[in-house]
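The structure appears below as structure tokens.
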Amino acid sequence: MRPVWIKNAAQLVTIAGENGPRRQEQMSELSIIQDGSVWMENGEILAIGTTSELEVLYGKRAHEADVVDASGRLVTPGLVDPHTHVAYGGSREKEFEMRLEGSTYMEIMNAGGGIHATTRMTREATEDELVAQTTRRLDSFLAHGVTTVEGKSGYGLDLETELKQLRAMKRLNETHPIDLVPTFMGGHAVPQEYKGSEEQYIDLLVNDMLPKVAEEGLAVFNDVFCEVGVFTPEQSERILEAGKKLGLIPKIHADEIESYGGAELAAKVGAISAEHLLKASDEGVRLMAESGVIACLLPATALYLREEAAKGRAMIDAGVAVAISTDCNPGSSPTTSMPLVMNLACISMRLTPAEALVAATMNAACAIGMEEKVGSLEVGKQADVVMWNVSNYQELQYLFGVNHVNIVWKKGVQVMG
């Protein structure tokens with residue numbers, strides 16, 4: 001594999017610094033190099049600095065490398081999406097029309113649509129079919145500058161299909177350029193066959209599903225949908241604590257539709273992140289800041305459901321580390337565009353352009369435990385790099401709803417552009 005030398009970048013945004021969640025004013029620190037240059041070799045970043053600095057270090061080896069002139073362009077770390085439901089069967093475009101006609105998310109779900117509809121289609125799909133469908137979505141993520149993706153199960157809600165989803169993601173992590181980080185989410189909903197017997201399903205999840213997932217090493221995280229009509233805070237705590245005993249790190253879908261104590265529970269169980277948080281209480285936000293839980297906010301989901309977005313500005317000001325994500329899923333956010341999500345974070349949650357970029361890189365990496373490898377451009381880190389058809393990071397957020405990707409490198413290999 002030939003080295004790659006990117007040179008003459010108008011702005012090289014490295015986001016270099018401590019490998020940990022950025023909070024408050026730290027979320028505006030981008031570590032920008034004008035006339036920037038990166039040397040990538042054997043999948044890693046070997047040098048970073050100004051073009052003149054790298055000319056001194058590597059000028060004599062230029063003939064060995066693929067030299068890329070980034071004049072007039074922005075170069076950043078590969079984007080990280082820390083919350084997706086990317087591996088599923090089928091599609092739910094009819095529900096989009098139902099919502100436009102007045103049906104709510106929970107009304108559709110309680111009528112057998114929503115998560116239950118995708119569960120039926122995912123149960124019917126073979127593992128190979130799931131791999132094929134998910135490959136198309138991951139290809140689209142790459143085209144939008146995303147090089148690392150978290151993926152949840154949760155569309156099986158039985159042992160066989162949950163394992164099928166996770167095994168499909170394991171195969172894709174081994175074969176697709178994107179790093180796909182797996183989360184078990186048997187606690188996505190109570191399947192229809194257990195309606196009225198919710199505790200029996202939780203017993204199955206805790207006693208059968210979680211141990212099997214842990215035994216096969218199929219997941220890093222364990223997530224649960226703590227919401228009115230889904231899992232109570234007490235049930236959610238039981239599921240998350242059971243996963244912790246098996247080595248699975250807790251995440252939680254919290255306070256999306258109603259304020260339900262999900263943010264408070266995230267702090268209590270030591271979750272790495274709490275997701276959604278549209279209705280999180282002030283006390284929950286305070287506790288998250290105090291305990292170091294990352295807020296993973298999903299502005300495209302709020303837009304798609306025509307809900308007011310989470311209070312990202314207030315969370316940052318309160319000392320919470322904020323990450324952002326597409327929430328790619330078939331029902332409430334069928335998108336793979338992290339650039340759009342960054343735009344929406346600025347428009348609907350009042351993040352600054354710098355904060356949005358940090359939320360989509362370093363803080364997103366921290367939300368899935370990948371900060372030692374990805375999320376910034378630094379010597380020794382994985383060579384996940386994006387070159388954009390804009391000259392600065394403000395323009396990236398300013399030009400709304402446009403994919404500005406020029407070239408994407410994953411582990412030093414050009415995979416798009």
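The table below gives the values:
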quantity: Residue in the stretch 227-242 that is within 21 Å of the chain's Cα centre (by Cα) and over 20 Å from A125 (Cβ atoms) present; calculated: yes
quantity: Filter result for T301 (of a type in the set (S, T, N, Q), touching a strand residue (DSSP E or B) at 6+ places or on another chain (Cβ under 8 Å), modelled with pLDDT of 95 or more and assigned to a helix (DSSP H, G or I)); calculated: yes
quantity: Extreme residue, farthest from A354 (Cα to Cα), among residues of the stretch 261-291 that are in a loop (DSSP other than H, G, I, E, B) and over 18 Å from the mean Cα position of the chain (by Cα); calculated: G261
quantity: Every residue from the stretch 157-176 that is surrounded by 19 or more Cβ atoms within 10 Å (Cβ to Cβ) and farther than 17 Å from A214 by Cα; calculated: L172, H176
quantity: Which listed residue, of G243, G247, G261, G284, is of a type in the set (G, A, S), under 28 Å from V146 (Cα atoms), free of Cβ contacts under 8 Å to residues at least 60 places away in the same chain and touching a helix residue (DSSP H, G or I) at 6+ places or on another chain (Cβ under 7 Å); calculated: G247
quantity: Condition met for R22 (crowded, with 18+ Cβ neighbours inside 10 Å and modelled with pLDDT under 95); calculated: no
quantity: Criterion (under 19 Å from K381 (Cα atoms), at pLDDT 95 or above, surrounded by fewer than 20 Cβ atoms within 10 Å (Cβ to Cβ) and in contact with an Asp or Glu (Cβ under 9 Å, 6 or more places away or on another chain)) met by exactly one of T50, T14; calculated: T50
quantity: Residue in the stretch 384-391 that is under 23 Å from G292 (Cβ atoms) and modelled with pLDDT of 95 or more present; calculated: no
quantity: Selection count where residues are buried (at least 24 other Cβ atoms within 10 Å of the Cβ) and outside any strand (DSSP E or B), scope the stretch 245-259; calculated: 2
quantity: Single residue of the stretch 362-417 satisfying the filter (of a type in the set (D, E, K, R) and under 20 Å from the mean Cα position of the chain (by Cα)) that is surrounded by the most Cβ atoms within 10 Å (Cβ to Cβ); calculated: D384
quantity: Any pair with Cβ under 9 angstrom, 6 or more apart, that starts in the stretch 133-146 at a residue that is of a type outside the set (S, T, Y) and modelled with pLDDT under 95 and ends at one that is outside any loop (DSSP other than H, G, I, E, B) and buried (at least 20 other Cβ atoms within 10 Å of the Cβ); calculated: none
quantity: Some residue of the stretch 133-147 being among the β-branched types (V, I, T) and part of a loop (DSSP other than H, G, I, E, B); calculated: no
quantity: Qualifying positions in the stretch 23-82 - among the β-branched types (V, I, T) and within 24 Å of H144 (Cα to Cα); calculated: I32, I33, V38, I45, I48, V67, V68, V75, T76, V80
quantity: Any strands (runs of 3 or more DSSP E) falling wholly within the stretch 23-117 and containing at least 2 residues that are among the acidic types (D, E) and touching a strand residue (DSSP E or B) at 6+ places or on another chain (Cβ under 8 Å); calculated: 32-41, 66-69
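Residues checked against (1) on the phi > 0 side of the Ramachandran plot; (2) surrounded by fewer than 18 Cβ atoms within 10 Å (Cβ to Cβ); (3) not aliphatic (A, V, I, L, M):
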{"position": "T76", "(1), (2), (3)": "no, no, yes"}
{"position": "T84", "(1), (2), (3)": "no, no, yes"}
{"position": "Y88", "(1), (2), (3)": "no, no, yes"}
{"position": "E93", "(1), (2), (3)": "no, yes, yes"}
{"position": "G112", "(1), (2), (3)": "yes, yes, yes"}
{"position": "H116", "(1), (2), (3)": "no, no, yes"}
{"position": "T126", "(1), (2), (3)": "no, yes, yes"}
{"position": "L130", "(1), (2), (3)": "no, no, no"}
{"position": "L142", "(1), (2), (3)": "no, no, no"}
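The values are calculated or read from the model by the stated rules, or taken from the named source; none is laboratory data. Since we're looking at a predicted model, the values are computed, not measured. Don't worry about glycine lacking a Cβ; one is built from the backbone with ideal geometry, like all the others, and counts go over all protein chains shown.
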